[in-house]
Amino acid sequence: MNVFPNLIGGQWLEGGSVNPNINPSNLDDVIGQYAQADAAQAHSAIAAARAAFPAWALSGIQQRFDILDKAGSEILARKEELGALLSREEGKTLPEGIGEVARAGQIFKFFAGEVLRLSGDKLPSVRPGIDVEVTREPVGVIGLITPWNFPIAIPAWKIAPALAYGNCVVFKPAELVPGSAWALADILHRAGVPAGVFNLVMGRGSVVGDVMVRHRDVSAISFTGSVGTGRAIAALAAERLAKVQLEMGGKNPLVVLDDADLSVAVNCAVQGAYFSTGQRCTASSRFIVTSGIHDRFVQGVKERLAALKVDDALLEGTDIGPVVDASQLDQDLRYIEIGKSEDAELVFGGELLQRRTRGHFLSPALFTGATAGMRISREEIFGPVASVQRVADYEEALAVANDTEFGLSSGVVTTSLKHASHFKRHAQAGMVMVNAPTAGVDYHVPFGGRKGSSLGPREQGRYAAEFYTTVKTTYIAA
Ligand SMILES: NC(=O)c1ccc[n+]([C@@H]2O[C@H](COP(=O)([O-])OP(=O)(O)OC[C@H]3O[C@@H](n4cnc5c(N)ncnc54)[C@H](O)[C@@H]3O)[C@@H](O)[C@H]2O)c1
Ligand SMILES: O=S(=O)(O)c1ccc(CO)cc1
């Protein structure tokens with residue numbers, strides 16, 4: 001089997017060891033062997049990016065537009081094929097995989113447009129005879145470190161703005177999903193990104209990622225992943241005063257009030273908590289439900305879950321694909337045992353499932369009787385596991401929703417304008433959803449959270465400029 005190499009300084013390089021990319025729906029299916037960069041190759045990639053930076057920073061906006069637009073067009077044209085690769089390596093269903101690839105293509109198109117919309121300010125000075133200009137310049141070499149759960153969308157929403165604003169990139173994808181990352185690198189390379197401007201270094205976080213975070217020529221790090229890794233990266237970046245942007249975990253609440261439309265509530269709950277196998281930072285893992293609707297809501301969710309098909313991600317009709325790997329599956333099962341030992345009641349699922357192929361199949365799990373202090377109510381599980389907390393009224397629901405160290409996405413289902421408006425104002429989260437699932441975001445508006453979920457400027461949309469550029473103020477005396 002061929003090895004998929006790294007892209008460093010415009011050259012495809014094997015070297016070092018290789019890592020098999022394994023299909024979580026079928027553990028006997030090896031998708032390919034992917035090169036694993038060592039520390040020396042990580043250093044080479046950073047050096048190549050550094051060398052390419054002065055010319056790319058000053059490159060014409062037409063060149064940058066053309067490259068990003070071309071990459072976006074190819075991604076969109078190949079969304080079925082790339083979506084199948086994504087679903088095969090990560091385990092989300094084929095429609096979800098295709099949807100994610102389309103999102104990546106649209107992100108490249110959006111940032112191609114942003115290249116043409118680059119702007120600054122010209123202001124009068126408070127002193128006579130002076131003009132002031134405020135402009136944005138690229139930051140330098142940017143290290144991008146991404147997780148496994150969005151193998152192409154998260155890389156896209158970091159790489160596209162980084163390149164659009166004139167930065168050079170060293171990109172390290174998660175070890176579990178190198179296939180989509182490699183395909184994206186190949187597309188960018190063929191779209192005409194100059195040598196060294198974009199570098200792919202597949203490899204271990206503790207090796208390649210560590211070099212990137214510590215290297216003084218990497219001016220900024222954008223990371224999405226777990227809280228533990230994010231904290232460690234922030235500490236190292238702070239030591240050398242590098243710019244940092246972190247997107248980490250969530251424990252997103254969905255509040256359901258007595259006056260909610262039951263079918264909307266059930267739909268938001270099932271989509272938000274269990275689709276993509278619950279492996280989304282925006283997934284709802286806490287349903288906070290007032291007493292008057294509690295029993296009907298639980299019954300409705302159980303009925304919907306019973307109708308969902310858990311199977312091979314690529315099979316037509318599958319609603320929920322496998323858990324991504326054995327270690328995540330162990331974590332999910334461990335939390336299901338923790339929930340039981342905490343005296344929450346497992347009212348649906350949580351069982352390993354046998355299918356035609358050897359895969360990590362788990363039925364969606366629903367707990368009731370959860371309370372705010374339980375570990376299943378406080379810690380991110382990152383799987384198809386959610387729990388219901390019964391509350392007396394809206395005021396208690398809001399307090400419970402905000403009682404978390406995280407603050408990514410927060411949802412309410414209600415027909416009361418008063419409660420919806422109050423919730424929108426008082427939910428302590430970066431993204432608020434009214435009568436919509438906590439997961440399911442647009443690609444052209446800011447994405448990010450508060451408290452332990454995020455650090456640094458927002459990703460996506462024109463707000464991305466805050467991280468990927470640095471502001472210069474120029475005073476011109478007449
Ligand atoms: N808030 C968001 O936008 C968002 C989006 C998706 C996923 N996530 C979070 O991501 C997590 C799941 O992803 P994961 O398991 O891949 O996370 P992870 O932290 O284990 O890994 C993320 C990336 O960091 C790298 N890494 C690991 N150790 C490193 C080190 N010492 N130095 C530098 N890089 C290192 C990994 O190789 C990987 O590329 C969940 O907690 C989820 O909530 C957050
Ligand atoms: O909430 S979702 O729309 O599913 C979503 C899409 C992409 C990302 C990347 O971080 C997160 C959530």
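The values are calculated or read from the model by the stated rules, or taken from the named source; none is laboratory data. Source: prediction; values computed, not measured. Here the Cβ is made from the backbone with ideal geometry for all residues, glycine too, and neighbour counts use every protein chain on show. Heavy atoms of the whole protein, side chains included, go into the accessibility calculation; ligands, DNA and RNA do not. Shrake-Rupley method; radii C 1.70, N 1.55, O 1.52, S 1.80 Å.
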Checklist entry - Does region 182-198 contain at least one residue that is within 10 Å of ligand 1 (Cβ to nearest atom) and either under 19 Å from the mean Cα position of the chain (by Cα) or assigned to a loop (DSSP other than H, G, I, E, B) (or both)? => result no
Checklist outcome for this item: Exception for A238 within (1) free of Cβ contacts under 8 Å to residues at least 12 places away in the same chain; (2) touching a helix residue (DSSP H, G or I) at 6+ places or on another chain (Cβ under 9 Å) falls at (2)
Item to check | Members of region 1-25 that are of a type in the set (S, T, N, Q) and surrounded by fewer than 17 Cβ atoms within 10 Å (Cβ to Cβ) | outcome: N2, Q11, S17
Next on the checklist: With among the aliphatic types (A, V, I, L, M), touching a residue at least 24 places away in the same chain (Cβ under 8 Å), open to solvent by 10 Å² or more (accessible area, probe 1.4 Å) and closer than 23 Å to W148 by Cα as the only criterion, which of V244, V270 stands out?
Outcome noted: V244
Item to check | Residue within region 416-425 that is within 16 Å of ligand 2 (Cβ to nearest atom) and either under 15 Å from V255 (Cβ atoms) or open to solvent by less than 20 Å² (accessible area, probe 1.4 Å) (or both) present | outcome: no
Checklist outcome for this item: Exactly one of G317, G321 is touching a Lys or Arg at 6+ places or on another chain (Cβ under 7 Å) and without any contact (Cβ under 8 Å) to a residue 24 or more places away in the chain, and that residue is G317
Item to check | Residue selected from region 405-415 under the condition surrounded by fewer than 24 Cβ atoms within 10 Å (Cβ to Cβ) and of a type outside the set (D, E), by the criterion nearest to ligand 2 (Cβ to nearest atom) | outcome: G407
Checklist entry - Where in region 208-301 are there strands (runs of 3 or more DSSP E), lying wholly inside it, with at least 3 residues that are farther than 30 Å from I8 by Cα? => result 252-256, 284-290
Checklist outcome for this item: Picked from region 199-242 (must be among the hydroxyl-bearing types (S, T, Y) and farther than 25 Å from L68 by Cα), the residue farthest from ligand 1 (Cβ to nearest atom) is S206
Next on the checklist: Scan region 143-164 and tell me whether some residue there is touching a residue at least 60 places away in the same chain (Cβ under 8 Å) and on the phi > 0 side of the Ramachandran plot.
Outcome noted: no
Item to check | Matching entry among A313, A283 (being within 30 Å of G230 (Cβ to Cβ), within 16 Å of ligand 1 (Cβ to nearest atom) and either within 26 Å of the chain's Cα centre (by Cα) or crowded, with 22+ Cβ neighbours inside 10 Å (or both)) | outcome: A283
Checklist outcome for this item: By my count, strands (runs of 3 or more DSSP E) wholly in region 106-168 with at least 2 residues that are crowded, with 23+ Cβ neighbours inside 10 Å are 141-145
Checklist entry - Which fully enclosed helices (runs of 4 or more DSSP H) of region 349-447 have 3 or more residues being touching a residue at least 40 places away in the same chain (Cβ under 8 Å) and within 30 Å of V30 (Cβ to Cβ)? => result none
Checklist entry - Mind checking whether some residue in region 26-48 is of a type in the set (S, T, Y) and crowded, with 18+ Cβ neighbours inside 10 Å? => result yes
Item to check | Checklist (1) out of contact with any Ser or Thr (no Cβ under 6 Å at 6 or more places or on another chain); (2) away from ligand 1 (no atom under 16 Å from the Cβ) applied to V170, failing item | outcome: (2)
Checklist entry - Of (1) over 21 Å from T368 (Cα atoms); (2) touching a residue at least 24 places away in the same chain (Cβ under 8 Å), D330 satisfies all except one. Which? => result (2)
Next on the checklist: Being of a type outside the set (G, A, S), open to solvent by 70 Å² or more (accessible area, probe 1.4 Å) and more than 16 Å from ligand 1 (Cβ to nearest atom) is the requirement here; does V434 meet it?
Outcome noted: no
